[in-house]
Amino acid sequence: MSTFSGLNTATTALWAQQRGLDVTGQNIANVNTPGYTRQRAELQSVGGNVVPALYATSNQVGQGVDADSVIRIRDAFLEGRAQLESGATARLTVADATLAQVEQAFREPGTTGVQAKLTAVYTAWQDVANHPNDNSTAGARTAVLQSTASLVGELRTTSATLDKQWTQTRESLSVLSEEVNATAASIADLNTAIKRGVQAGLPVNELADKRDGLVLELSAAIGATSRPGDDGQVDVVVSGATLVSGGTSVGLTFRGGLDRVAATTDPPRFVTDPGGTTVAVGGTAGGKVTALTTTIPKYLSQLDAVAQKIADEFNTAQTAGYDQAGVRGLALLGGPGGSATVTAATIEVLLGDPAQLAAATVGPGPTSDGSNAAAIGKLQNKAGGAMSAYRSLIVGLGVEASVATSSLATQAVVSSQVDAARDSVSGVNLDEEMTNMMQFQHAYSAAARMITTIDETLDVLINRTGRVGL
């Protein structure tokens, strides 16, 4: 054993404690840095020499401490949970926002929605029943045509608003695919840098933090998850399809019809590029794809059904009565060219003359009867009628929107709990860091004191041993 071996042991102690203080300072400096993972210097004792020669033994205690390794404190299970919950939260957020926009399109309850407009039409018919011969510009018959035109306009406006919402959602997905591809490429680049750093023995903790933050962004965007690879790299997977593998990435392209009609035969979807394989995405993208394929088309279809029911209801009542001249009533509502098939976007008022409204049930020949108009006014409360169908639509929308909001609130709690658990492991705790700092400081002082003691011992050994009588 060398006389100076104790100095080497104390030197490694000084270095290790200094390393620990440096890591503690890094943690404290980044306590408020988003995505930062706290680090820890791994202290490992250095053992004594192996047997130096045959028939020889070593009685050396050890050679100090090694602190070259600095690791990130993370829980792989909680990281995976955070990715899953992030994707679920993003998907439910889109679902809630989509239904909120659909509710805004219908504007119910209110004075400008379809229900108020439809009620005004029924009320106008009841006025005609009380004043069957009044077809002046301000009369009851004119009010029927005006309120009916207002109803038609509201149906068209609601349909156009939902169509615009569909188009905007589709356009946002095209932009999202570009952002996803850029993020995936950045993850692949960071994987390459991390691999080189690991192989060269260089610190890569900050690079890994940045990469894991990008993976979490992909989790929210498309429901991606990660799995560990070689040399500190990770692979990113979306529904079984590998988006990032080591230093290479595969792009995602959004495809599908450019409008709602074309989308029925060419559905919106994400495909790999290259490859063209359809990928079932989650997160924000999954929520928006569901909005395009299910949510918005469903309410547009129900609105079209209501428009058709309104047209059928009024046309049936019209053709069952007689107008002011005693002629059998004509259809009041229809599609382009007078078609009996209508949608909320194509419904039109076919009559322009107030005298053509079939207010009477007595005919043919001129009449002052208004009983048919009274019967039309009472259709407002008909079971299974147009008003009933529209109310069912709005109630169903309200229930679905309420469920979506409740589900999002529940998911937000789950996600926050997972984030809190993850932060408790990987987040920086100032109290803990202050304790570590004091611990390393005292250990450093002790190692320095050990060097002083060895120095004094060597001074006695070198300068005073053998000097008898001086």
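The values are calculated or read from the model by the stated rules, or taken from the named source; none is laboratory data. Please read all numbers here as calculations on a predicted model, not as lab measurements. Positions of Cβ are generated from backbone atoms using ideal geometry, with glycine treated the same way; all protein chains shown enter the neighbour counts. Heads up: the accessible areas ignore ligands, DNA and RNA and are worked out on the full protein's heavy atoms, side chains in. Shrake-Rupley method; radii C 1.70, N 1.55, O 1.52, S 1.80 Å.
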Total residues in segment 14-44, condition touching a Gly at 6+ places or on another chain (Cβ under 9 Å), crowded, with 21+ Cβ neighbours inside 10 Å and within 17 Å of Gln63 (Cα to Cα): 1
Exactly one of Leu173, Leu162 is open to solvent by less than 50 Å² (accessible area, probe 1.4 Å), touching a Lys or Arg at 6+ places or on another chain (Cβ under 8 Å), at negative phi and among the hydrophobic types (A, V, I, L, M, F, W, C), and that residue is Leu173
Kindly establish whether Val271 is in contact with a Lys or Arg (Cβ under 7 Å, 6 or more places away or on another chain) and either open to solvent by less than 10 Å² (accessible area, probe 1.4 Å) or closer than 18 Å to Thr98 by Cβ (or both). yes
When Ala149 is run through (1) part of a helix (DSSP H, G or I); (2) over 35 Å from the mean Cα position of the chain (by Cα); (3) crowded, with 16+ Cβ neighbours inside 10 Å, the failure sits at (3)
Consider segment 365-399. How many of its residues are in a loop (DSSP other than H, G, I, E, B), within 48 Å of the chain's Cα centre (by Cα) and small (Gly, Ala, Ser)? 3
Quick one: would you say Leu190 is at pLDDT 95 or above and either over 30 Å from Pro336 (Cα atoms) or touching a Leu at 6+ places or on another chain (Cβ under 6 Å) (or both)? yes
Taking the condition surrounded by fewer than 17 Cβ atoms within 10 Å (Cβ to Cβ) and in a helix (DSSP H, G or I), does Thr123 pass? yes
Any residue in segment 387-412 that is farther than 30 Å from Val121 by Cα sitting within a Cβ distance under 8 Å of a residue that is open to solvent by 60 Å² or more (accessible area, probe 1.4 Å) and part of a helix (DSSP H, G or I)? List the pairs, counting only those 6 or more apart or interchain. Leu408/Thr93
On the given criteria, is Asp230 of a type in the set (D, E, K, R), at pLDDT 95 or above and in contact with a Gly (Cβ under 8 Å, 6 or more places away or on another chain)? no
In segment 194-209, residues that are touching a residue at least 12 places away in the same chain (Cβ under 8 Å) and either of a type in the set (Phe, Trp, Tyr) or touching a Lys or Arg at 6+ places or on another chain (Cβ under 9 Å) (or both) total 5
From the list Ala401, Ala421, Ala374, which residue is surrounded by fewer than 17 Cβ atoms within 10 Å (Cβ to Cβ), among the aliphatic types (A, V, I, L, M) and touching a helix residue (DSSP H, G or I) at 6+ places or on another chain (Cβ under 7 Å)? Ala421
Scan segment 319-338 and tell me whether some residue there is of a type in the set (A, V, I, L, M) and touching a Gly at 6+ places or on another chain (Cβ under 6 Å). no
